[in-house]
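Read the structure below first, then the notes.
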Amino acid sequence: MQVERKILLNPGPSTTTDTVKQAQIVPDICPREKEFGQVMADISRDLVKIVHGKDDDYTAVLFCGSGTIGIDITLNSLLDKGKKALVVQNGSYSKRACEVLDAYGLPYIELKQPIDTPPDLDVVEDALRSNDDIGYVYMTHHETGTGLLNPIREVGALAHNYGAFFITDTTSSYAMIPINIYEDNIDFCMASAQKGIMGMTGLSYVIGRKDIIEKSKDFPVRSYYCNLYMQYHYFETTGQMHFTPPVQTIYAARQALIEYFDEGEEAKWARHLRVMEEIHRGEDELGLKEALKREVQSGLVSAVRYPDDMNWDFDKIHDYCYERGFTIYPGKIEQKGTFRLCALGAIDAGDIEAFWKVFREALEHYKVEIPVRYDG
Ligand SMILES: *Cc1c(COP(=O)(O)O)cnc(C)c1O
């Protein structure tokens, strides 16, 4: 079966290989069978391996859901009675974390920081110093709305110095930017199969320290479905997910992981950087400007400012590109017109080269001046 290849430049789900797509077509199986339990156990082990964790210390707990489920689970399951969360808020995904805490009515300190530069570490330390009841520090590793990369290693170290543990949302960096869970001072991180590993949507995972998960057994249970210890314990004792897993998505994830290790951590990251280099090259050629300076960017997302041209219309340009197999995506910066070009997925520099040809055609078609103009 031939599936048309689409180039997704949105921040996930990402372009997948044909072999990953095809891995979903399997004989029907009841996920309570031992055979399927083994598939999940293998995946879980591989997920820990990607961030260089040891099985004795870390585990990956699987959940059925999109990436936001990982934010929900970690925040609500890992806060002990009498403790507060500390959230570094500098983008739409850490803002989402605050919304989750609000939804549960949990106490937290929101450290609002600029969205276009890394956070001020002194502000984080001051907050830790002046509050002795912080249970965990939470920060997004890569703020996908802007492309800002946050200093997890430094903030993780600060959290540990003050006796808090460190949770980071690595949904849009995991299996792309090399992460070492020990050196990066991570107690918990999370991701989703449709992003870094280039699998299908519907499977998410929280990777974290076993001793803390065991301890969280005595923390208040705030959600029935999204509870970390419950899911961990159920899998440990039965080899099954508590509730029905996304069976076909899991077979795709198994194949995606095979391909991940075949490509290799370094080569894969080099490929993503190559893709971003080509994205930047095309922007420079057309005069497109970005919302963030390149030195603070992750290398995976570029937020491009809308040109100040009467004829610029994002939807029209989007549709023109979409009809030709390239998907671009609106930005997520409040009150600012931006769109995003992302280096996720099974794509390479040649795909971006082909994209820029189509994008230029679209500008010409709608009579947007080249090089594009900005008033400010
Ligand atoms: C994609 C993403 C998520 C998850 O979003 P879903 O739409 O729920 O899959 C969470 N955090 C970050 C940083 C992301 O990029």
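Observations on the structure shown:
- Filter result for the condition that a residue is assigned by TED's automatic domain parsing to the domain that holds residue 96, at pLDDT 95 or above, within 12 Å of the ligand (Cβ to nearest atom) and surrounded by 22 or more Cβ atoms within 10 Å (Cβ to Cβ), over 196, 202: 196
- Any chance residue 80 is in contact with a strand residue (DSSP E or B) (Cβ under 9 Å, 6 or more places away or on another chain), in a loop (DSSP other than H, G, I, E, B) and away from the ligand (no atom under 13 Å from the Cβ): yes
- Close pairs from the range 1-14: first in contact (Cβ under 8 Å) with a residue 24 or more places away in the chain, partner part of a loop (DSSP other than H, G, I, E, B) and among the β-branched types (Val, Ile, Thr), Cβ under 7 Å, at least 6 apart: 6/15; 7/15; 7/347; 8/15; 9/328; 11/144; 13/201
- First in the range 140-154 and under 13 Å from residue 94 (Cα atoms) and outside the structural domain of residue 301 (by TED's automatic domain parsing), second anywhere and among the acidic types (Asp, Glu) and surrounded by fewer than 24 Cβ atoms within 10 Å (Cβ to Cβ), Cβ under 7 Å, 6 or more apart: 146/116; 148/116
- Output for the range 47-73, where each listed residue is surrounded by fewer than 19 Cβ atoms within 10 Å (Cβ to Cβ) and among the acidic types (Asp, Glu): 55, 56, 57
- Residues of the range 100-126 satisfying the condition of being surrounded by fewer than 20 Cβ atoms within 10 Å (Cβ to Cβ), in a helix (DSSP H, G or I), of a type in the set (A, V, I, L, M) and in contact (Cβ under 8 Å) with a residue 24 or more places away in the chain: 121
- For residue 299, the requirement of being in contact with a helix residue (DSSP H, G or I) (Cβ under 7 Å, 6 or more places away or on another chain), within 22 Å of residue 140 (Cα to Cα), outside any strand (DSSP E or B) and not assigned by TED's automatic domain parsing to the domain that holds residue 107 is met.
- So residue 43, is it away from the ligand (no atom under 16 Å from the Cβ), assigned by TED's automatic domain parsing to the domain that holds residue 239 and in a loop (DSSP other than H, G, I, E, B): no
- The range 159-176 - residue that is surrounded by 22 or more Cβ atoms within 10 Å (Cβ to Cβ) and hydrophobic (A, V, I, L, M, F, W, C) and, of those, farthest from the ligand (Cβ to nearest atom): 164
Yes/no matrix, rows are residues, columns are (1) in the same structural domain as residue 339 (by TED's automatic domain parsing); (2) without any contact (Cβ under 8 Å) to a residue 60 or more places away in the chain; (3) part of a loop (DSSP other than H, G, I, E, B):
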site	(1), (2), (3)
244	no, no, yes
248	no, no, no
252	no, no, no
257	no, no, no
272	yes, no, no
278	yes, no, no
304	yes, yes, no
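The values are calculated or read from the model by the stated rules, or taken from the named source; none is laboratory data. None of the values given here were measured: they were computed from a predicted structure. Cβ: placed from backbone, ideal geometry, glycine included. Neighbour counts: every protein chain shown.
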